[in-house]
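Colleague: This structure is in structure tokens; I'll ask about it shortly.
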Amino acid sequence: MTSPEALAAPLLLGLALGLRHALDPDHLAAMGTIVARESAPARAGWLGAVWGLGHSASLLAASLLIVFLRIPVPARVATFLELGVAAMLIVLGIHSILTASDPVRAATRSASARRPFVIGLIHGLAGSGGLALLVLPVIRDPFAALAYVGLFGLGSIGGMAIWSALLAWPLGTATRRSARAARWIPALSGLASVSIGLLVVAQSS
């Protein structure tokens, strides 16, 4: 059994990496298509936290299989999952651009937290292989490894909640003051999402 002192550093590292992980460009692009329509920072922060919950749920489920059953993630599967994320980014971006062209729908707030949760689930699966490779060589105790994943997920939840709330503050102010901004901000967010999705495809090829 690994001593608590020996576990402290990697567990704190998991929390710090989770906070940093939320700032990955593909994560920001996906959530940006949703947060761009939110005028209230508190609600945007909640949607970001829901993304983190979905991300952590799929990541923890995959880690249970990897840590306890020692099931490796084949490179082909990892590539397929990354392409799935790319497709999601492109679809989200196109939807945001098309919606921005409708003056009525452009000012409509997101109806539920279902979309960020599903987005988080997909992102969590795509990132599970790399995270497992980082965890297993460092933490031999499987329960400690899962604690690492849990703290990583907690950091992701907090990081995305903070980022979403901060981003919604200036965007919400702009959209409330200008009907034009209420249309071009989601359009630009959609364009960024499509661009990053295409970049992921290029990198995975």
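Colleague: Considering only residues that are charged (D, E, K, R) and in a helix (DSSP H, G or I), look in region 59-89 and name the one that is surrounded by the most Cβ atoms within 10 Å (Cβ to Cβ).
Modeller: Restricting to residues being charged (D, E, K, R) and in a helix (DSSP H, G or I), the top hit is Glu82.
Colleague: Could you list, in sequence order, all residues of region 34-44 that are open to solvent by less than 10 Å² (accessible area, probe 1.4 Å), of a type in the set (Gly, Ala, Ser) and assigned to a helix (DSSP H, G or I)?
Modeller: Scanning region 34-44 gives a single hit, Ala44.
Colleague: If you go through region 18-33, how many residues are part of a helix (DSSP H, G or I) and either more than 16 Å from Leu166 (Cβ to Cβ) or open to solvent by less than 20 Å² (accessible area, probe 1.4 Å) (or both)?
Modeller: Selection size over region 18-33: 10.
Colleague: Which numbered condition in (1) over 10 Å from the mean Cα position of the chain (by Cα); (2) surrounded by 15 or more Cβ atoms within 10 Å (Cβ to Cβ); (3) part of a helix (DSSP H, G or I) is the only one that Ser56 fails?
Modeller: Status for Ser56: all satisfied but (1).
Colleague: Return the residues of region 132-154 that are open to solvent by less than 70 Å² (accessible area, probe 1.4 Å), modelled with pLDDT under 60 and not in a loop (DSSP other than H, G, I, E, B); say none if nothing qualifies.
Modeller: Listed by number, the list holds a single entry, Ala132.
Colleague: Another question, if that's okay. Just checking, does region 107-114 include any residue being at pLDDT below 85, closer than 15 Å to Ala30 by Cα and surrounded by 13 or more Cβ atoms within 10 Å (Cβ to Cβ)?
Modeller: yes
Colleague: Taking the residues in region 155-174 that are at pLDDT 90 or above and surrounded by fewer than 19 Cβ atoms within 10 Å (Cβ to Cβ) as candidates, determine which candidate is nearest to His95 (Cα to Cα).
Modeller: Ile162
Colleague: Something else now. In region 175-205, what residues are open to solvent by 70 Å² or more (accessible area, probe 1.4 Å), at pLDDT below 85 and closer than 15 Å to Gly84 by Cα?
Modeller: Gln203, Ser205
The values are calculated or read from the model by the stated rules, or taken from the named source; none is laboratory data. This structure is a prediction, so every number in the text was calculated from the model and none was measured. A quick note on method: Cβ atoms are made from the backbone with ideal geometry, for glycine too, and the neighbour counts reach across all protein chains shown. Heads up: the accessible areas ignore ligands, DNA and RNA and are worked out on the full protein's heavy atoms, side chains in. Shrake-Rupley method; radii C 1.70, N 1.55, O 1.52, S 1.80 Å.
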